[in-house]
Amino acid sequence: QAAAAATTLSREEVITDHPFNNVTDSIFEKIGVNLHQQPAHPIGIIKGAIYDYFDQQHPSTFAKFDDLQPLVTAKANFDEVLVPADHVSRSPNDTYYVSPDVVLRCHTSAHQAELLRAGNSAFLVTGDVYRRDSIDATHYPVFHQMEGVRVFGPQDWEAAGQEPTAYAEAELKRTLEGLAKHLFGEVEMRWIDAYFPFTEPSFELEIFFKGQWLEVLGCGVMQQSILDKNLEPGHKAWAFGLGLERLAMVLFDIPDIRLFWTSDQRFLKQFKQGDLSTRFKSYSKFPPCYKDVAFWVSDSFTENNLCEVVRGIAGDLVEEVKLIDDFTHPKTGRTSNCYRIAYRSMDRSLTDEEINALQEEVRSTIASKLGVELR
Ligand code: PHE
């Protein structure tokens, strides 16, 4: 098994006070927590179940990486997987930049090229990925993905009597349908055409589970130029990427993505290494507290920036930030937004004083940092 080349960076190696840095302390603190390395944590259980599937199907074929640093070059995260220069995901509104050249990976696809160059022809990469986003029960700025890649040579598609792309596509679909069965049992599935810059054709797999269609992963036949740049000519490959939180929430009935980060034993104790049959039983929740904030927006205002400010102040005490009123004044043309912030702790009840203090800090910070005018 070939190792990864050292194109990832450690926290110590990066300057965090670059003017371009938009990584807050609460985000930096998540680096190194590595929930996916805890075998009895729901994220680790899902990872283990996927490993088991690939080991059963193809014994000692897939090299496994679960400790690659999340700080990567923008080149690895975007350019090497052909993300266009003007793609939205490159915007500092969506991605965490430590400097113009260094990001917190927004997907595990950031490791495709380096692992191919290092000589791996079949691999799984699990890791924490980071995206600036809104705040609600299913969105958290840090989550976990697993990437899978498998490279083929002429002997593979010739033996099957197929064209290389058709062969890789069929092998990919067979593999992932088997994986979905391994995780979810006998479920209905469907393939949806999709777009990713790094694959062509591209697909999403959906399963019919508990009465609804759910997207479980993105995948496709790897763009030839990624292979040609990083391997000798003459290969074909498939790739997939899946979100471990999403799978765990569906499979284990976990209602809130913040629960993955709790240290509350009432949560953690319910799960067992190797056991996919757990159905989470919610324990009594502490009451939420709602606070509204209304302001005239500025041109540069974005909801992601608002969420980042709220998260920076209230951390995991914020459950949801929701736009409840959006109105443009008919005469002045100015737009007013009202957001409702739900504060709730997973572990204790919050006092009025504590919440009022947080809300006051949120109000003054959005006025000073986001250039909005409070109402
Ligand atoms: N990187 C994609 C995402 O994060 C998932 C993906 C991986 C799609 C590999 C295709 C191939 O959404």
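Out of curiosity, is residue 212 more than 11 Å from the ligand (Cβ to nearest atom) and either modelled with pLDDT of 95 or more or loosely packed, with under 13 Cβ neighbours inside 10 Å (or both)?
So residue 212 fits the description; yes.
Considering 364, 282, 349, the condition of being farther than 30 Å from residue 39 by Cβ, small (Gly, Ala, Ser), more than 23 Å from the chain's Cα centre (by Cα) and part of a loop (DSSP other than H, G, I, E, B) is satisfied by 349 alone.
The single condition among (1) within 16 Å of the ligand (Cβ to nearest atom); (2) crowded, with 17+ Cβ neighbours inside 10 Å that residue 225 does not satisfy is (2). The residue pairs whose first member lies in region 349-360 and is under 23 Å from residue 284 (Cα atoms), whose second member is aromatic (Phe, Trp, Tyr) and modelled with pLDDT under 95, and whose beta carbons are closer than 8 Å, counting only pairs six or more residues apart or on different chains, are 349/286; 350/286. Checked against the criterion of being in contact with a strand residue (DSSP E or B) (Cβ under 8 Å, 6 or more places away or on another chain), without any contact (Cβ under 8 Å) to a residue 40 or more places away in the chain and farther than 19 Å from residue 221 by Cβ, the candidates 188, 177, 204, 200 yield just one match: 188.
Residue 293 falls short on exactly one of the conditions (1) of a type in the set (Val, Ile, Thr); (2) within 16 Å of the ligand (Cβ to nearest atom); (3) closer than 30 Å to residue 326 by Cβ, and that condition is (2). Checked against the criteria, residue 113 does not count as among the small types (Gly, Ala, Ser) and away from the ligand (no atom under 15 Å from the Cβ).
If you go through region 115-141 and keep only what is closer than 22 Å to residue 339 by Cβ, among the aliphatic types (A, V, I, L, M) and surrounded by 22 or more Cβ atoms within 10 Å (Cβ to Cβ), you end up with just 135. Would you be able to tell me the number of residues in region 131-150 that are closer than 17 Å to residue 109 by Cα and among the basic types (Lys, Arg)? Within region 131-150, residues that are closer than 17 Å to residue 109 by Cα and among the basic types (Lys, Arg) number 2.
Looking only at residues of region 82-114 that are crowded, with 22+ Cβ neighbours inside 10 Å and modelled with pLDDT under 95, we find that the one that is farthest from residue 65 (Cα to Cα) is 98. Inspection of region 66-75 finds no residue satisfying the criterion of being within 17 Å of the chain's Cα centre (by Cα), crowded, with 18+ Cβ neighbours inside 10 Å, under 20 Å from residue 238 (Cα atoms) and of a type outside the set (S, T, N, Q).
Summed over region 96-110, residues that are within 16 Å of the ligand (Cβ to nearest atom) and of a type outside the set (Val, Ile, Thr) total 7. When every residue of region 252-269 is checked against the conditions, at least one turns out to be more than 25 Å from residue 205 (Cα to Cα), charged (D, E, K, R) and in a loop (DSSP other than H, G, I, E, B). Selection of region 238-264 for residues being of a type in the set (A, V, I, L, M) and more than 10 Å from the ligand (Cβ to nearest atom) yields 244, 247, 248, 249, 250, 251, 254, 257, 259.
The values are calculated or read from the model by the stated rules, or taken from the named source; none is laboratory data. Just so it is clear, the model here is predicted, and its values are computed rather than measured. Glycine gets a Cβ as well: all are built from the backbone with ideal geometry, and neighbour counts include every protein chain shown.
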